Ligand code: IMP
């Protein structure tokens, strides 16, 4: 499928699943090297990261822990910038190596909020792994953003975990709005 429609909006193919898989494999290899002999805690940010998190963790062969948090903050195609709350963040991150896994970093507001909560627990290290990153939309630099799948233009994308008004998360490829 090269073109799809969700509600009134048209989307065209942008990143095929095969391309995403290849990049994910490379990030996995890098993480295995960087965290060798450590036991990091991977924290996926729901809902958007669920597919990336699953595929990424299948590439990780070092000892690690895996969990998810949920942050409600986004509606329609524009970031509201209003973050409600983070649910489910573990409270035992002191001295741990934390890797936050995101679907996309847009304005970066969601991530800044999560990072503040994580740093407050004084972990040994905190890094972020995001499948997608829109540098042009970022409001403030994020030092912890160490692993990025693809830098993309400031356009709305859907699929592979990302939604448009709740729809499209199940698509195996990523599409961009036309
Ligand atoms: P930020 O707080 O502006 O960085 O937005 C982060 C969240 O907004 C992501 O985790 C996504 O859930 C959502 N988001 C940002 N850009 C897009 C997009 O292009 N498509 C779908 N969701 C997006």
Only one of (1) in contact with a strand residue (DSSP E or B) (Cβ under 8 Å, 6 or more places away or on another chain); (2) farther than 18 Å from residue 69 by Cα is not met by residue 153, so which one is it? (1)
Within the range 87-105, how many residues turn out to be modelled with pLDDT under 95 and under 26 Å from residue 20 (Cβ atoms)? 1
Only one of (1) modelled with pLDDT of 95 or more; (2) touching a strand residue (DSSP E or B) at 6+ places or on another chain (Cβ under 9 Å) is not met by residue 83, so which one is it? (1)
May I ask you to verify whether residue 68 is at pLDDT 95 or above, outside any loop (DSSP other than H, G, I, E, B) and within 11 Å of the ligand (Cβ to nearest atom)? no
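Could you look through the range 26-56, keep only residues that are in contact with a strand residue (DSSP E or B) (Cβ under 8 Å, 6 or more places away or on another chain) and part of a helix (DSSP H, G or I), and pick out the one that is farthest from the ligand (Cβ to nearest atom)?
My answer is 30.
The values are calculated or read from the model by the stated rules, or taken from the named source; none is laboratory data. This one's a predicted model, so the numbers in the text were calculated from it and none came from an experiment. Cβ atoms come from the backbone with ideal geometry, glycine included; neighbour counts cover every protein chain shown.
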